[in-house]
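Here is the structure we will look at, set down as structure tokens.
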Amino acid sequence: MKIMRIYTDYAKVYHEMYQSIFDYDAEFELYHKHLSKIKCKKILEIGCGSGHLAKRFLEKNYDYTGLDVSKQMIELAQELIPQGKFIRADMRHLDLDKKYQAVIVTGRTFTHMTTNHDVMFALDSIHKTLQKDGWLLFDNFDAYEIFTGFKEEMTHKSKYNNRSYVRKSKTSFNFEHGWTWKWKAHYTIEENGKEETFEDEMLLRAFTKDELSLFLKLNGFSVIEMQNDSNALFTIAQKINEEKTNAQKIYFKQKLKNLS
Ligand SMILES: C[S@@+](CC[C@H](N)C(=O)[O-])C[C@H]1O[C@@H](n2cnc3c(N)ncnc32)[C@H](O)[C@@H]1O
């Protein structure tokens, strides 16, 4: 899997720039509100990035573990939050020692699961990582909102200390894998009169409520709540089967047969 430059070589740029893209206080409050309702304190955050939410969860005394596929993100999170627990792993192939009351996949991280295969493997992996009756809370892009209001070009400008950032994005339809689109970004970093630029490219995926519900059902989850907020689809699901469902067993048996 190709990990994007903004999550690897430029993880620090992500850390600084995305503070003006995401509202981390609001995102934390959303997860904290729902996790409090379902009484979950032992949580795994998938796609923890540089630890913006980790810091907030630890301040509220959660038994928190952060996980990310990017080595640079994990190193940065550990440097910024030395008391935090962080693991490097790919959400599609989790094999962790512990099981958690809740898994949260934050900041549109699940949008990187662009093929149906990725989605099946990631949900199966998360299912295994949860305790009995455990919870999955995550946000995705809502396909209806993304594709009915599709924007081909966007510019984002921000400042952090004495650095200024400009991100120019170009997007194009790509329906090969599902509700996916290609995003090309050109970044300019300016500091003390010096300029650096780099390019990045990725494929992203949105979901309709129906397809996400079906993926969850096939992987042993019951959907408890799905809410739209602008282009986001926030979902709360609960693990209902301890064992793999029949659909999962058939799917993975066929996949393994195809690979051998
Ligand atoms: C949009 S960022 C969100 C980061 C963080 N939640 C935040 O809001 O700042 C997506 C993160 O998901 C991670 N990621 C992408 N694919 C992943 C995978 N297969 N398994 C685990 N993490 C992944 C990236 O490395 C990146 O840090």
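Some values worked out for this structure:
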{"read-out": "Spin-label pair E242/V166, simplified geometry with 7 Å Cα→Cβ offset, distance in nm", "value": "5.9 nm"}
{"read-out": "Reach of K209 by Cα under 15 Å, taken over aspartates and glutamates that are not fewer than 8 positions away in the same chain", "value": "D139, D142, E145, E225, D229"}
{"read-out": "Ranked by how many other beta carbons lie within 10 Å on average, peptides 72-85, 149-162 from highest", "value": "72-85, 149-162"}
{"read-out": "Listed pairs K132/K217; K60/K184; K39/K217 exceeding 26 Å between Cα atoms", "value": "K60/K184"}
{"read-out": "Fraction of accessible area attributable to carbon and sulfur, the chain (%, probe 1.4 Å)", "value": "49 percent"}
{"read-out": "Zero-based 5 Å bins, Cα pair distances in the chain, whole percents", "value": "1, 6, 12, 17, 19, 18, 13, 8, 4, 1, 1, 0, 0"}
{"read-out": "Entries of K71/K194; K37/K239; K170/K255 with Cα pairs more than 23 Å apart", "value": "K71/K194; K170/K255"}
{"read-out": "For peptides 209-222, 238-251, sequence by mean Cβ density within 10 Å, most packed first", "value": "209-222, 238-251"}
{"read-out": "Solvent-accessible area of D90 with every protein chain in place, 1.4 Å probe, in Å² to the nearest 10", "value": "30 Å²"}
{"read-out": "Rounded tilt (10° steps) of 246-259 against the dominant C-alpha axis of the chain", "value": "70 degrees"}
{"read-out": "Length gained when the stretch E190-D95 is fully extended (0.36 nm per residue, less Cα-Cα span)", "value": "30.1 nm"}
{"read-out": "Full-extension gain in nm, Q131 to D63, via 0.36 nm per residue minus C-alpha separation", "value": "23.0 nm"}
{"read-out": "The chain - mean residue ellipticity at 222 nm from DSSP helices (-39,500 (n - 2.57) per run, n ≥ 4, rounded to 500)", "value": "-9500 deg cm²/dmol"}
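The values are calculated or read from the model by the stated rules, or taken from the named source; none is laboratory data. In this text the structure is predicted, and so the values were computed from the model without any measurement. Cβ: placed from backbone, ideal geometry, glycine included. Neighbour counts: every protein chain shown. With ligands, DNA and RNA removed, areas are computed over all heavy atoms of the protein, side chains included. Shrake-Rupley method; radii C 1.70, N 1.55, O 1.52, S 1.80 Å.
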